[in-house]
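The values are calculated or read from the model by the stated rules, or taken from the named source; none is laboratory data. The shown structure was predicted, so the numbers you read here are calculated from the model rather than taken from an experiment. Glycine gets a Cβ as well: all are built from the backbone with ideal geometry, and neighbour counts include every protein chain shown.
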Amino acid sequence: MDRRKFVTHTIAGSVMLSAGGVLLNSCKASKKHLTILHTNDVHSHIEAFPKNHADFPGLGGLARRAGLVQKIRKENPNTLLLDAGDIFQGTPYFNFYGGELEFKLMSMLRYDAATIGNHDFDNGIDGLLAQLPYASFDFLIANYDFTNTVLDGYTKPYKTYIKDGLKVGIYGLGINLAGLVTKKLYKETEYLGPYEVATDIEALLKITEKCDIIICLSHLGYSYENENRPDDLKLGKRTKYTDLIIGGHTHTFLERPTVVTNANGRGILVNQVGCFGVNVGRVDFYFDEAGGSAEGVTISV
């Protein structure tokens, strides 16, 4: 299916840069504050790592993440909680429950949206569909065409959210499954070029939906040396309206978001917080009469 037809069918100035942050132009006024919390590649890690673990001693776990999210929501009720994919696979919890527990717990934490990673197909497209009733959050994926599969109609390319009077548009992008996932698992899912889809969706969110902030949930990977392989840094350079790319897949640990100059010469943020739920990313957007700014940090759980 042609990408532009798919998008239509499915959805019927200069800046100053600083470490981990950017200054934005804003059409909104007077002291607005949005907080974005995000995870990626949690891989069914429900419990914290043991204190004697070689890499992540005592870190992670859904209970600790829940406490952190609750604390930040009390500080700023205008908070969105997002995930960049690979929710499944990695512990016996997935082997036994098939993803049910992961989705139930994420729903209890009140995740707002997630995109789909390659490991989320590990029990096949039918296995993923079977667990969707346990998820109370949105699955956003713009470059997978599920028209000829059982997932048709169960995902959205994007969704908009209103927080503190700001309209936030969020869209999702997935990695090419061919050669990464067995064909029998994802069946007739059609992969569409992420750069082309992203520029179509972000323009729609900015021009038609009139979003103040645009966020991409990406499971492409942070960066590859192969120029022909899509990644988040290359994506950031090609987009015009996306303000934040939240990434996954490569398990990249960033202390702060990377600032990338986009196709309009504006600085945007690209972030990823490793894997296994040991970190939560936080990005804060601030707007007042003078304009807007964004800054981010990684928080150990």
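Computed quantities for the displayed model
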{"item": "Extreme residue, farthest from the chain's Cα centre (by Cα), among residues of segment 237-296 that are among the small types (Gly, Ala, Ser) and assigned to a strand (DSSP E or B)", "result": "GLY291"}
{"item": "Scan of segment 131-152 for residues that are within 22 Å of GLU196 (Cα to Cα) and either surrounded by 17 or more Cβ atoms within 10 Å (Cβ to Cβ) or not charged (D, E, K, R) (or both), ordered by number", "result": "PHE139, LEU140, ILE141, ALA142, ASN143, TYR144, ASP145, PHE146, THR147, ASN148"}
{"item": "Residue within segment 280-297 that is among the charged types (D, E, K, R), in contact with a Lys or Arg (Cβ under 9 Å, 6 or more places away or on another chain), at pLDDT below 95 and under 26 Å from LEU59 (Cα atoms) present", "result": "yes"}
{"item": "Pair list, Cβ < 6 Å and 6+ apart or interchain, from segment 104-133 residues that are modelled with pLDDT of 95 or more and of a type in the set (D, E, K, R) to residues that are buried (at least 18 other Cβ atoms within 10 Å of the Cβ) and assigned to a helix (DSSP H, G or I)", "result": "ASP120/LEU128"}
{"item": "Close pairs (7 angstrom Cβ cut-off, 6 or more residues apart or separate chains): among the small types (Gly, Ala, Ser) in segment 141-160, in a loop (DSSP other than H, G, I, E, B) anywhere", "result": "ALA142/PRO157"}
{"item": "Given (1) under 14 Å from ILE175 (Cβ atoms); (2) of a type in the set (Gly, Ala, Ser); (3) touching a Gly at 6+ places or on another chain (Cβ under 6 Å), index of the condition GLY221 fails", "result": "(3)"}
{"item": "Meets criteria (among the acidic types (Asp, Glu), assigned to a loop (DSSP other than H, G, I, E, B) and modelled with pLDDT of 95 or more) for GLU227", "result": "no"}
{"item": "Checklist (1) more than 30 Å from PRO57 (Cα to Cα); (2) assigned to a loop (DSSP other than H, G, I, E, B) applied to TYR222, failing item", "result": "(1)"}
{"item": "Filter result for LEU128 (part of a helix (DSSP H, G or I), crowded, with 19+ Cβ neighbours inside 10 Å and touching a helix residue (DSSP H, G or I) at 6+ places or on another chain (Cβ under 9 Å))", "result": "yes"}
{"item": "Pick from segment 91-104, criterion surrounded by 20 or more Cβ atoms within 10 Å (Cβ to Cβ) and not aromatic (Phe, Trp, Tyr), ranking: nearest to GLU47 (Cα to Cα)", "result": "GLU102"}
{"item": "Which numbered condition HIS219 misses (of (1) at pLDDT 95 or above; (2) surrounded by fewer than 23 Cβ atoms within 10 Å (Cβ to Cβ); (3) of a type outside the set (Ser, Thr, Tyr))", "result": "(2)"}
{"item": "Which listed residue, of LYS74, LYS159, is farther than 16 Å from GLY172 by Cα, among the charged types (D, E, K, R) and not in a loop (DSSP other than H, G, I, E, B)", "result": "LYS74"}
